[in-house]
Structures are given as C-alpha cells and as structure tokens.
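The values are calculated or read from the model by the stated rules, or taken from the named source; none is laboratory data. Keep in mind the model is a prediction, meaning the values are calculated, not measured. Note that we place each Cβ from the backbone using ideal geometry, even for glycine, and neighbour counts take in every protein chain shown. The accessibility values were calculated without ligands, DNA or RNA, using every heavy atom of the protein model including side chains. Shrake-Rupley method; radii C 1.70, N 1.55, O 1.52, S 1.80 Å.
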Amino acid sequence: MQMIAFARIFCKGQVSTATFLESCGVADLITTCYRGQNGRVLKAFATIVKTTEELEKDMLNRQKLHGPQTSTEVYRILKQKGLVNKFLFFTVVYQICYEGRPIQETLSCLQSYPSRAYIK
C-alpha cells in the first residue's frame, strides 16, 4: 500500500490502484521476493551475519541486487521531503540494509502498522 501512496505523491497525474494489483505489480513483487537471486540472498541475509555487498560477492559473482540500491534512493527522497516517518516500510527496509536494524524487531513493528494508513 505504501508503494501506491508513494506513487501518488511523487508521480504527476493519475495513479491507478489497479496497476499495482495486476501481474506487473503485486505478482512481480512476490516473484522477485521469493524466487531467483533475490530470494536466495534474502534468506542468507536473514540468517548469516554479512552485508548485502558481501553476499553479492559470495553468491552472485559480484552482480548487484536492485533492492538495496533502490531503498537508498527512496530513503534519500523521503528524507529530502521530510516524509521518512510517513513511509515506515520503506524506511525500515533501508535501516535493515544499511543501519543494522534487526529483522526480527522489525517484523513486529510492521505487523502492528495499519495497512491502509496512506491510501486515499
């Protein structure tokens, strides 16, 4: 839901919720998270104490994951616009990747977060 809210704030013109619910939206997100290199590295990141850079080197032959880099750009934009506290999920992903925020602590925080907080 925060992806939709982010798009509505930063993309000029209409943003259709349906776009995010079609195969190019949620289905692509699920596939990216659970299959291929993203899924393998995510599992390793959650269980092995290594940075994403170390895991990329060890597991992906120095190929880069897109998620950590994207979280840096999104976090930079949110910080610049004073919206870090309004986009908890994006902020937490950045903190896990780059500030060492524990994943287990984060799960309970996200579970109590209202899913429709920024959808209008």
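Using every Cα-Cα pair within the chain, state what percent have a distance larger than 19 Å.
54 percent
Please work out how much length the chain gains when fully extended from ALA46 to ARG76, using 0.36 nm per residue of separation minus the C-alpha to C-alpha distance, in nm with one decimal.
That works out to 8.4 nm of additional length.
When only C-alpha pairs under 8 Å and at least 6 residues apart count, what is the relative contact order of the chain, in percent?
With pairs under 8 Å counted, the relative contact order is 26 percent.
For region 2-65, which whole percent of the accessible surface, found with a 1.4 angstrom probe, sits on carbon and sulfur atoms?
58 percent
Report the label-to-label distance for THR106 and LEU21 in nanometres (one decimal), using points 7 Å from each Cα along the Cα→Cβ vector.
Between THR106 and LEU21, the simple spin-label model gives 2.8 nm.
Of all the Cα-Cα pairs you can form in region 38-82, what percent are over 14 Å apart?
So the pairs more than 14 Å apart make up 53 percent of the total in region 38-82.
Which value in nm describes the separation of the simple spin-label points at ASP28 and ALA7, placed 7 Å from the Cα toward the beta carbon?
That separation, rounded to one decimal, is 0.9 nm.
At 0.36 nm per residue, minus the direct Cα-Cα distance, what do GLN37 and ARG62 gain on full extension? Give it in nm, one decimal, please.
7.8 nm is the gain from fully extending GLN37 to ARG62.
Using C-alpha positions alone, give me the convex hull volume of region 5-45 per residue in cubic angstrom.
That works out to 84 Å³ per residue.
What accessible area per residue, rounded to a whole number of Å², is obtained for the chain using a probe radius of 1.4 Å?
Normalised by residue count, the accessible surface of the chain is 70 Å².
Within the chain, how many lysine pairs that are 8 or more places apart, or on different chains, have C-alpha atoms less than 23 Å apart?
Count of close lysine pairs: 10.
Tell me which trypsin sites (Lys or Arg not before Pro) from region 59-104 have a DSSP coil assignment and no more than 16 other beta carbons within 10 Å of their own.
ARG62, LYS64, LYS81
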